[in-house]
1. Do we have L199 as surrounded by 12 or more Cβ atoms within 10 Å (Cβ to Cβ), under 23 Å from I114 (Cα atoms) and touching a residue at least 24 places away in the same chain (Cβ under 8 Å) here?
2. Given E139, E126, E144, which one is loosely packed, with under 11 Cβ neighbours inside 10 Å, under 30 Å from I231 (Cα atoms) and assigned by TED's automatic domain parsing to the domain that holds T189?
3. Just to be sure before I move on: is L120 within 20 Å of I190 (Cβ to Cβ), modelled with pLDDT of 95 or more and either touching a strand residue (DSSP E or B) at 6+ places or on another chain (Cβ under 6 Å) or not assigned by TED's automatic domain parsing to the domain that holds A156 (or both) in the structure I sent?
4. Step by step: first the residues of segment 54-79, then only those that are closer than 18 Å to C193 by Cα and either in contact with a Cys (Cβ under 8 Å, 6 or more places away or on another chain) or acidic (D, E) (or both), then the one that is surrounded by the fewest Cβ atoms within 10 Å (Cβ to Cβ). Which residue is that?
5. Among the residues that make up segment 203-218, is at least one of them out of contact with any Asp or Glu (no Cβ under 7 Å at 6 or more places or on another chain), closer than 14 Å to V177 by Cα and modelled with pLDDT of 95 or more?
6. Run K241 past the list (1) out of contact with any helix residue (DSSP H, G or I) (no Cβ under 7 Å at 6 or more places or on another chain); (2) modelled with pLDDT of 95 or more and report the number of the one that doesn't hold.
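The values are calculated or read from the model by the stated rules, or taken from the named source; none is laboratory data. Bear in mind that the values here come from a model prediction, so they are computed numbers and not experimental data. Ideal geometry is used to build each Cβ from the backbone, glycine not excepted, and the neighbour counts take in all protein chains shown.
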Amino acid sequence: ASLSRDPREPSERSDRINDGFDMSAAAAAPALRLQYFNIEGPAEKIRLTLSIAKIPFRDDRVAFEDWPSVKPTTPYGQLPVMYVDDEAMAQSDAILRYCGRLAGLYDEQRAREIDEAVSLVEDMRESWYPNLAVGMVPEKYNLEKGSDAHAATTKAMRERWIREELPRYCGFISKRVAGGKFLCGDRVTIADCALVPLLRRFRSGGIDHVPKECLDAFADVVAYFEKFHAIPEVAAWYAAKSA
């Protein structure tokens, strides 16, 4: 198999996958190696997609101190990179869709609906990112790292986003998942695999000025979050990570 191989399967595969996630996709999958740092980041949606489908892949975690030597080997000087039978593929959303086709979580007949949901998640991520980045790279915001102005600006930006923007996006999500649904109906898709890692960040308690209870006011979002984590393959993935 190679990147030129069309991994699409009949739409019945999507039905089988979401009826208990017992599938044969792994048997037909090429050799996969996903390269990213030892954090969730934009690679987690890909890891979840493959894990749900029980598709074997090498989870190649790059140490930050090794990045200078790894960077020149990547197509665009960034991660993640997926190696498909040793052929490099970059850009996380392109990788996500490729793996989604392999896994049966990106049904071509529902691509418009799924792409819309993925784009909503990306809008949310892009809206949030400056509020995260200001704490890590303050020089991009004309702030001196560790200064009082840096601390005050980071606090103000993050608290404003949680107060004003998070409810707006959670409102959009709630409309899609109300009644116990996933983002695109009764079946898991790559859109869910894209959204959940972002929600995990907000609930982690590991970001200054972002309380881990920040999603608690949105009952449908919390129920959706818990339903996704109750998928046996997802539960096993995170249990293995915490072991």
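1. yes
2. Numbers: E139 fails: under 30 Å from I231 (Cα atoms); E144 fails: under 30 Å from I231 (Cα atoms).
It is E126.
3. Working: within 20 Å of I190 (Cβ to Cβ): yes; modelled with pLDDT of 95 or more: yes; either touching a strand residue (DSSP E or B) at 6+ places or on another chain (Cβ under 6 Å) or not assigned by TED's automatic domain parsing to the domain that holds A156 (or both): no.
Against the criterion (within 20 Å of I190 (Cβ to Cβ), modelled with pLDDT of 95 or more and either touching a strand residue (DSSP E or B) at 6+ places or on another chain (Cβ under 6 Å) or not assigned by TED's automatic domain parsing to the domain that holds A156 (or both)), L120 does not qualify.
4. Among those residues, the one meeting the criterion is D59.
5. Taking segment 203-218 as the starting set, the residues that turn out to be out of contact with any Asp or Glu (no Cβ under 7 Å at 6 or more places or on another chain) are 203-208, 210-218.
Now drop any that are not closer than 14 Å to V177 by Cα, which leaves 218.
From the residues that got through so far, the ones that are modelled with pLDDT of 95 or more too are 218.
Checked against the condition, which is being out of contact with any Asp or Glu (no Cβ under 7 Å at 6 or more places or on another chain), closer than 14 Å to V177 by Cα and modelled with pLDDT of 95 or more, segment 203-218 yields at least one hit.
6. (2)
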